[in-house]
1. Taking only Cα atoms, what is the 0 to 90° angle, nearest 10, from helix 28-43's long axis to the longest principal axis of the chain?
2. Name the residue, out of 18, 85, 44, whose mean-square fluctuation peaks in a Gaussian network model built on the chain with Cα pairs under 10 Å.
3. Grab the beta carbon distance between residue 133 and residue 56, set R0 = 45 Å, and tell me the FRET efficiency rounded to 0.05.
4. By counting other Cβ atoms within 10 Å of each Cβ, how are 59, 51 ranked from fewest to most?
5. Compute the label zone of residue 29 within the range 130-172: residues whose backbone N is under 19 Å from the point 7 Å along Cα-to-Cβ.
6. Cα gyration tensor of the range 127-172, axes a ≥ b ≥ c as square roots of the eigenvalues: rounded (a/c below 1.5), prolate (a/b > b/c) or oblate?
7. If I model a spin label at residue 99 and residue 166 as a point 7 Å from the Cα along the Cα→Cβ vector, what separation in nanometres do I get?
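Values in this text are rule-based calculations from the coordinates and carry no lab data. Quantities reported herein were computed from a predicted structural model and do not represent experimental measurements. Ideal geometry is used to build each Cβ from the backbone, glycine not excepted, and the neighbour counts take in all protein chains shown.
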């Protein structure tokens, strides 16, 4: 078994499977790289000054959505690190809407948000490259659900692809 391959059903809650299903790659590292390319391809098509655009009242702005992708990658990677190190402490969830609201009015540009994405993605790839097969199959509890480390990695990739599609379909 290649521990970097797509996770089997049951390695994460069903809700996260929808993200994993959107990730494209022969293995986790390729899926992470491909997801960044997909996100960048959409972001490059955003009109100048589009950062504060929301497609409907009460929806996140482009800037909030990009920050959400970054925040989720941090949370998922942190969970993966804790689980890979065999930390059995159950980890809490987070309120993504409260986090997005806290970024409203941010002066950060799309380029700055994407530079952050690139730095996070490089760190995430390094994290998963440094994991042994046993590390990738280790499990832990986050937000009341069990995940394998590799499922979290695939969820990171698929989550970015999911939101790139949302950007393409609803914001462009």
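1. 0
2. 44
3. After rounding, the FRET efficiency stands at 0.50.
4. Values: 59 14, 51 21.
Ordered by Cβ neighbours within 10 Å, fewest first: 59, 51.
5. Under 19 Å, as judged by backbone N against the label point of residue 29, lie 130-138, 149-158 of the range 130-172.
6. Values: a/c = 5.01, a/b = 2.07, b/c = 2.43.
Here the range 127-172 falls in the oblate category.
7. Result for the modelled spin labels: 1.2 nm.
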